[in-house]
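The values are calculated or read from the model by the stated rules, or taken from the named source; none is laboratory data. A quick note: this is a predicted structure, and the numbers were derived from the prediction, not measured. FYI the Cβ positions are ideal-geometry reconstructions off the backbone, even for glycines, and counts take in every protein chain you see. Accessible surface areas use protein heavy atoms only, side chains included; no ligands, DNA or RNA. Shrake-Rupley method; radii C 1.70, N 1.55, O 1.52, S 1.80 Å.
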Amino acid sequence: MYPKKRIFLIIILILLLASGLFSGALANEIAEEMDISADAHSSASYSNYIDIERDQILFDIKEEYTGEYAENLRRSIDLNGDGYINETEIDTFKDNYLEIRTDEFREYIIINDGNTDLRLVSVTMELDGAEGNISDSSNVSVMTTINYELTSPLSAGEHRIWILGHPLIEEKEITFPENTEIINYQGLDESQVITDGERDVLKGKSGISSFSINDQPSFEYATRITIHKKAFYEHSYFLPLLGLIQLMLIILAAYSIRKEKKKDN
């Protein structure tokens, strides 16, 4: 029989996994107590870079695998089992992976609760460090780029954006279109907003967002953002321009009145 402490830890881990509320640190701590953790030098981490423009979105997913995680990935790429990965096997692995995951990619980002249509234009994948002997201990990097097209460009007004999350995302960057104001957001830890030229960039790491289903609170690993796309009359330059137009109209009106008076005289 398991010791009482071990049974308790197993129950905690199952509950946390089922609820989706576990953090990487907590899960690792419990796993260590149960002696089921991977090699201390093994890791898997993810970074997301999302570039949202008026009529398209580029979603870059960077994955880094070390130690046992890298070895396991190499074994899955070694299709003929000869212990050596060649370029053909890498290409075949990428094709198979993308074919299986394409439908999932369509759901990585949702605009306005699905009322703004996104068309999946293309998905590309690059593996770095995989070719060679599967016993190689070097890291393996994977970069997946998903290109979406907004069938209706983002118009002026408020928009809601939902972006898929994952507990191992160590860096997440979301770049918004020009003349966009971030109203609120959730689902990012250690977050900050910076300005890059004319565009705001939201940065952070994996976090949990909350929402309601039938008035019941629910939680998920996802980022939820509400933005406001400015109309042309909301731009900072509009009021001075409007004032200049009004001044020109006043001058023209005064000139016309003066001209009419001259005619009468």
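Protein chains only, probe 1.4 Å: how do Thr151, Thr145 rank by accessible area, largest first?
Working: Thr151 75, Thr145 40 Å².
I get Thr151, Thr145, largest accessible area first.
So how far apart, in nm, are the two label points at Ser137 and Glu107 if each is 7 Å from Cα heading toward Cβ?
According to this spin-label approximation, the distance is 4.0 nm.
At a probe size of 1.4 Å, how large is the accessible area of Ser152, to the nearest 10 Å²?
70 Å²
Can you give the accessible area of Tyr108, probe radius 1.4 Å, in Å² rounded to 10?
So the heavy atoms of Tyr108 present about 20 Å² to solvent.
What accessible area per residue comes out for the range 127-231, rounded to a whole number of Å², with a 1.4 Å probe?
Details: 5270 Å² over 105 residues.
Computed with neighbouring chains in place, this is 50 Å² per residue.
Set the Förster distance to 41 Å, then compute FRET efficiency between Ser42 and Ala156 from the Cβ-Cβ distance, nearest 0.05.
Values: r = 49 Å, r/R0 = 1.19.
Calculated transfer efficiency: 0.25.
Using only protein heavy atoms and a 1.4 Å probe, report how much of Glu220 is accessible, in Å² to the nearest 10.
In the full protein context, Glu220 sits at about 40 Å².
Sorting His41, His159, His228 by accessible area (1.4 Å probe), largest first, what list results? Walk me through the numbers on the way to the answer.
On the way: His41 155, His159 15, His228 45 Å².
Per-residue accessible area, sorted high to low, gives His41, His228, His159.
Asn72 versus Lys230, label points 7 Å from Cα toward the beta carbon: distance in nm?
4.8 nm
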